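Below is one structure, written out as structure tokens, with a few remarks after it.
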Amino acid sequence: MRKIFSRVLVALFVLILFGGAAGVWTLKSYIPNKAAQKSFPQVDGELQISGLDGVVDIYRDEMGIPHVYASTTHDLFFAQGYIHAQERFWQMDFWRHIGSGRLSEMFGESQLETDAFLRTLGWRQTAEAEYAGLGEESRDILNAYADGVNAYIGDRQPVELSLEYLILTNLLNRSYEIEPWTPFHSLTWGKAMAWDLRGNMDNEIERAILLKTFSLEQVNELFPGYPQDHPVIVPEIGGLPVGQSSGAETALITGLSQETLHNVSNNFAALEAVTGQAGDGIGSNSWAVAGELTDTGMPLLANDPHLGIQMPSIWYQVGLHCREKTEACPFEVGGFSFAGVPGVVIGHTDSIAWGFTNVGPDVMDLYIEKVNPDNPDQYEVNGEWVDFETRQETIQIAGGDPVSLTVRVSRHGPVVSDTLGTLIDDVDLEQNPDAIPFKERTGVDLPDEYAISLAWTALTPSTPFEAIWGFNTAQNWEDFRTAASLFHVPAQNLIYADTAGNIGYQMPGDIPIRASGDGRLPVPGWTDEYEWTGFIPFEELPYTLNPESGYIVTANNQVNSWDYPYMITTDWDYGFRAARIVEMLEKAPGKITIATIQSMQGDTQNLNAETLVPLLRTLSLDPAAAEVRDNFMLNWDARNEVDSQAATVFAWFWWDVLMDTFADELPEDYLPGGGSRWYQVMRNLVAQPESAWWDDVSTEDVVETRDDILARAFSEAAAQMRENYGEDLTQWPTWGEVHSANFRNATLGESGIVQIEEIFNRGPFATGGGSSIVNATSWTVGESLEVDWLPSMRMIVDLGNLQNSFTVHTTGQSGHAFHPQYIDMAPMWANIEYYPMHWDAEVITTEAVSHLRLMP
């Protein structure tokens with residue numbers, strides 16, 4: 001996000017400096033005391049609202065969490081749209097512009113590249129097709145929600161909706177007008193989340209680029225298989241060993257233009273800048289424990305989804321209650337919603353609870369299309385030229401002229417490689433002899449003209465929200481699985497527990513079955529050899545109910561056991577978090593309690609350190625490095641606690657050991673970022689002390705081994721820390737001091753302009769944990785020790801007493817800077833503290849600090 005908006009805010013900075021006294025006066029006069037308070041919502045009293053069937057009561061507790069009581073389904077979702085708009089409309093407005101590829105209308109020409117790629121993907125067109133295919137009940141929910149949003153934004157001035165509009169409309173885009181909310185804006189949310197949780201596409205591009213330099217064997221070492229000593233989620237149904245790419249695919253990749261591959265990667269990166277970065281940080285934890293193992297005799301369910309750090313939180317907590325549950329009004333549900341979408345995404349009803357972690361299935365493939373050299377609007381299919389589907393897009397630009405875009409779509413999907421050349425690279429044959437024999441192996445010439453198109457399940461009309469609304473009324477396992485069958489994209493690990501004492505797991509989603517190939521590399525699109533032939537049938541997707549172990553753990557680890565007949569992906573998270581969660585469950589000293597689970601969610605055990613620190617203890621080091629090693633590493637318990645200095649030392653060492661091992665050979669854009677995959681790569685390599693990866697190719701007369709590189713890296717880390725933090729080792733910073741969470745507003749908070757950032761951003765908050773640790777506050781090697789991915793909320797549901805459930809999310813309920821609930825949750829979140837998830841109506845009304853009544 002910072003990169004994409006730096007250009008926007010350069011223009012803003014100029015306007016602030018040179019726009020005259022009026023602009024400066026506006027900022028000084030209205031921030032924070034006047035303009036900020038203009039956008040604060042009314043939470044007490046009565047309001048007459050046109051469009052309601054009856055009276056709606058909204059009770060908010062001290063954390064600002066609303067519980068909505070209504071007599072009809074229409075009023076329930078109308079009120080949810082109303083309160084979402086009260087608290088988070090800027091966030092909603094920003095995300096709907098992402099979903100429709102219209103960021104340039106808000107922020108100007110700097111967003112043109114991102115909009116062009118979003119229009120190419122066609123999320124808006126997919127959402128429109130989804131709406132047309134919905135049943136009447138689902139349409140009614142979306143329409144009621146949209147009516148509620150519009151009832152709030154109505155005739156309000158932009159600055160009355162959120163403080164960000166003061167800067168946008170006074171200094172950046174004076175002509176900006178807020179348009180009404182529509183159901184399509186809600187449905188594009190599903191596409192944005194599917195993109196955010198898209199699985200292995202980044203790995204597919206990276207493998208393709210690395211194969212231009214390295215052998216397939218070397219690339220497979222950098223993308224190892226899932227470790228067989230780590231747990232799988234559903235062992236009785238199974239999995240599949242890592243697939244191997246064919247020689248034909250590998251040879252085809254070596255001929256692809258480096259420029260074209262980078263263009264695809266850059267298009268993806270432009271979108272990451274506004275939706276969130278993919279990578280090893282992405283993930284989540286969840287587990288369900290059967291009553292036989294708990295102190296209450298009833299199940300406990302835990303979930304903490306990991307998403308990119310952002311301000312405000314992606315989540316908005318809410319309770320939705322029909323005053324009388326009937327067939328016409330069946331909702332009694334509480335938990336976490338997305339501002340912009342009706343319903344509760346994660347939470348519990350009066351009978352069941354559920355949570356999500358990302359499966360990360362391989363649901364995206366890149367196809368290399370042969371383009372007719374005489375007609376760029378045609379491509380080859382089985383020996384014949386056929387026309388691309390084309391559509392014209394017009395991108396409106398604030399302060400500029402509209403830009404027209406022609407989108408080409410093949411039978412596989414949109415062309416995502418347009419704008420750059422399609423020449424074939426010259427390949428260094430000595431470095432990569434496999435580059436020659438493509439024609440010899442396949443009998444097919446690599447096309448002189450080609451394009452790369454994207455096949456992705458999310459571009460077929462289907463919305464996850466019909467499944468969500470099904471979960472919101474589910475009463476048992478059968479209801480839950482029926483709803484899960486509607487969850488096509490993005491595929492999620494669905495953890496389940498109910499008040500009857502059951503625990504369960506279901507993997508949903510459209511998972512392609514390929515005629516050949518394993519989805520790990522771009523494939524030829526001009527034949528049917530690599531086509532998708534269907535999807536894994538829902539009844540054959542992994543699931544389990546009441547396993548003998550008494551628990552179910554999902555942490556983005558391999559779902560299936562090794563004999564499963566279908567391929568879901570070869571790019572799982574490598575199971576370090578899952579292994580640690582299982583270990584804690586199996587070694588719990590007594591019955592598992594809510595306090596046990598709270599401790600587990602805050603666990604900081606670093607399994608990567610458990611691999612490397614024992615080797616450090618035996619190395620021969622120079623005196624300066626040995627002093628650091630002896631002070632911090634000899635007795636460290638390998639826990640990334642917030643007050644641990646040793647964790648800081650190890651982080652610097654891990655950074656250096658990855659760079660010293662791989663920076664001499666890998667392309668600069670594909671250096672290690674740390675995290676799950678690199679933990680496993682290093683875990684494999686330390687067992688091979690003479691591996692060629694250890695040798696530094698820049699030292700011609702020396703062949704380095706494992707111990708040489710480990711010693712060098714630790715010496716470098718010790719020297720860097722002395723330079724940064726001084727000679728007094730006792731004064732070196734704790735992990736929490738360098739590994740902090742800084743919550744930045746997703747747009748104006750990334751400006752680099754201190755005065756604006758101080759308005760919208762909050763932090764730092766010292767945190768424990770780290771990458772691929774259960775308390776998954778991830779950071780990226782090569783960039784910063786600062787938190788970039790995190791547990792976006794933590795939830796623990798007691799199925800024996802729903803009122804005894806607890807949660808926390810990262811920032812606060814409010815999206816309004818300077819509101820008391822803008823950042824009140826962050827200290828609790830950082831300290832692994834919780835507040836109650838109120839459920840009983842008597843408690844909700846008694847504990848309420850405000851009561852708003854909406855009158856028809």
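The values are calculated or read from the model by the stated rules, or taken from the named source; none is laboratory data. The structure presented is a predicted model; accordingly, all values stated were derived computationally and were not measured. Please note: Cβ atoms are built from the backbone with ideal geometry, for glycine as well, and neighbour counts cover all protein chains shown. Accessible surface areas use protein heavy atoms only, side chains included; no ligands, DNA or RNA. Shrake-Rupley method; radii C 1.70, N 1.55, O 1.52, S 1.80 Å.
Counted by Cβ distance under 15 Å from THR845, the other residues give a net charge of -4, where Lys and Arg count +1 and Asp and Glu count -1. The gain in end-to-end length when the VAL843 to ASN801 segment is fully stretched comes to 13.8 nm, 0.36 nm per residue minus the alpha carbon separation. The peptide list 523-532, 693-702, 476-485, put in order of mean Cβ contacts within 10 Å with the highest first, becomes 523-532, 476-485, 693-702. A probe of 1.4 angstrom, applied to the heavy atoms of all protein chains, finds ARG323 with accessible area near 100 square angstrom. For LEU615, neighbours were defined as the other residues whose beta-carbon sits under 9 Å from its Cβ, and their charges (Lys and Arg +1, Asp and Glu -1) total +1. With the highest mean first, a sort of the peptides 781-790, 89-98, 552-561, 750-759 on other beta-carbon atoms found within 10 angstrom per residue produces 552-561, 89-98, 781-790, 750-759.
Please identify which residues in region 108-141 have an amide N closer than 16 Å to a label point set 7 Å out from the Cα of ASP401, following the Cα→Cβ vector. Under 16 Å, as judged by backbone N against the label point of ASP401, lie 109 of region 108-141. In the chain, a dipole from Cβ-located charges (positive for Lys and Arg, negative for Asp and Glu) runs towards its positive end, and of PRO235, MET682, THR618 it is PRO235 whose Cα lies farthest in that direction. Computed from the Cβ-Cβ distance with R0 of 60 Å, the FRET efficiency linking SER50 to ILE513 stands at 0.75. Sparsely packed loop sites in region 558-653 (the trypsin sites (Lys or Arg not before Pro) outside DSSP H, G, I, E and B with at most 14 other Cβ atoms within 10 Å) comprise LYS587, LYS591, ARG617. In the chain, helices alone account for a calculated mean residue ellipticity at 222 nm of -10000 deg cm²/dmol, with every DSSP H run of four or more residues adding -39,500 (n - 2.57).
Only helices reaching 20 angstrom along their own axis (Cα) with mean Kyte-Doolittle hydropathy no lower than 1.6 count here, and for the DSSP H runs of the chain these are 2-18.
Protein heavy-atom surface of region 695-818, 1.4 angstrom probe: 45% of the accessible area is carbon and sulfur, with nucleic acids and ligands not counted. Here the contact order of the chain, divided by its residue count and restricted to Cα pairs under 8 Å and six or more residues apart, works out to 20 percent. Counting only protein heavy atoms, what percent of the accessible surface of region 491-534 is carbon or sulfur at a 1.4 Å probe? Summing carbon and sulfur atoms, their accessible area is 46 percent of the total for region 491-534. When peptides 369-377, 462-470 are sorted by average Cβ neighbour count within 10 Å, with the highest value leading, the order is 462-470, 369-377.
Between THR169, VAL697, VAL657, the Cα set farthest toward the positive side of the dipole of the chain (charges on each charged residue's Cβ, about the Cα centre) is that of THR169. Here the relative contact order of region 468-619, from alpha carbon pairs under 8 Å that lie six or more residues apart, stands at 16 percent. Using a probe of 1.4 angstrom and keeping all protein chains present, the accessible surface of the chain works out to 35 square angstrom per residue. The stretch between ASN684 and TRP562, if pulled fully straight at 0.36 nm per residue, gains 41.9 nm over its current Cα-Cα span.
Around the amide H of SER410, modelled in the peptide plane, lie the amide H atoms of VAL415, all under 5 Å away and 5 or more residues distant in sequence or on another chain. Taking the protein heavy atoms of region 611-680 in the context of the full set of protein chains, the accessible area attributed to carbon and sulfur is 46 percent at 1.4 Å.
A simple charge model with +1 on the Cβ of Lys and Arg, -1 on the Cβ of Asp and Glu and nothing else charged puts the dipole of the chain at about 2340 debye relative to its Cα centre. Each DSSP beta bridge with both residues in the chain is either parallel or antiparallel, and the antiparallel ones are about 90%. When the residues LEU799, LEU545 are ordered by accessible surface, computed with a 1.4 Å probe over the protein chains alone, the sequence from largest down reads LEU545, LEU799.
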